[in-house]
Amino acid sequence: QVQLEESGGTLAQAGGSLRLSCSASGDTFTRYTMSWFRQPAQDQREFVAHVNWFGITVYADSVKGRFTISRDNSKSMAYLQMNRLKPEDTAIYYCAADLTGSISVPDQDYWGQGTQVTVSS
């Protein structure tokens, strides 16, 4: 079992930056690929980025070059640094953990409760 808790979501201006944090507890953190997903209002949850235990990252095209995912295995933390924010980045952002490195929503083993990011134009 893994418990995930996100923090850092807030209201931001377009062009600004935010950093989201995900705290993990329970099972061995390094077993899991850590991912960020997001769900805009009245839309489906979508993959944003993930990082495996030794630091290999994958990004959605919509955030490539603007967002950076990272993890600190010593603290069981994952982060999402979001730069050059756009109004279309507005969504609930979820942290997720899975054993397979999948970018698919149904394949994730554990989810956090989500944190709201709102970007004003």
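Worth pointing out:
- Test: residue in the range 77-92 that is surrounded by 16 or more Cβ atoms within 10 Å (Cβ to Cβ), in a helix (DSSP H, G or I), among the charged types (D, E, K, R) and free of Cβ contacts under 8 Å to residues at least 60 places away in the same chain: yes
- Residue within the range 27-34 that is open to solvent by less than 70 Å² (accessible area, probe 1.4 Å) and farther than 18 Å from Gly101 by Cα present: no
- Entry remark, the range 27-52: residues being over 14 Å from the mean Cα position of the chain (by Cα) and closer than 14 Å to Asp109 by Cβ number 4 in total.
- Put simply, of Gly101, Gly55 the only residue that is without any contact (Cβ under 8 Å) to a residue 60 or more places away in the chain and open to solvent by 20 Å² or more (accessible area, probe 1.4 Å) is Gly55.
- If you go through the range 104-121 and keep only what is open to solvent by less than 20 Å² (accessible area, probe 1.4 Å) and over 17 Å from Glu5 (Cβ atoms), you end up with just Val119.
- Counting the residues of the range 72-94 that are hydroxyl-bearing (Ser, Thr, Tyr) and within 12 Å of the chain's Cα centre (by Cα) gives 3.
- Residues located in the range 77-100, provided they are β-branched (Val, Ile, Thr) and under 16 Å from Arg66 (Cα atoms): Thr90
- Selection within the range 26-45 - at pLDDT 95 or above and among the polar types (S, T, N, Q): Thr33, Ser35, Gln39, Gln44
- Top-ranked residue of the range 58-71 - restricted to ones that are open to solvent by 30 Å² or more (accessible area, probe 1.4 Å), of a type in the set (Gly, Ala, Ser) and in a loop (DSSP other than H, G, I, E, B), ranked as nearest to Tyr110 (Cα to Cα): Ser62
- Looking only at residues in the range 16-26 that are surrounded by 12 or more Cβ atoms within 10 Å (Cβ to Cβ) and in a strand (DSSP E or B), the one that is farthest from the chain's Cα centre (by Cα) is Gly26.
The values are calculated or read from the model by the stated rules, or taken from the named source; none is laboratory data. Small disclaimer: the values here were computed from a predicted structure and weren't measured. Using ideal geometry, Cβ is built from the backbone for each residue, glycine included, and neighbour counts are taken over all protein chains shown. Note: areas computed on protein heavy atoms with side chains; ligands, DNA, RNA excluded. Shrake-Rupley method; radii C 1.70, N 1.55, O 1.52, S 1.80 Å.
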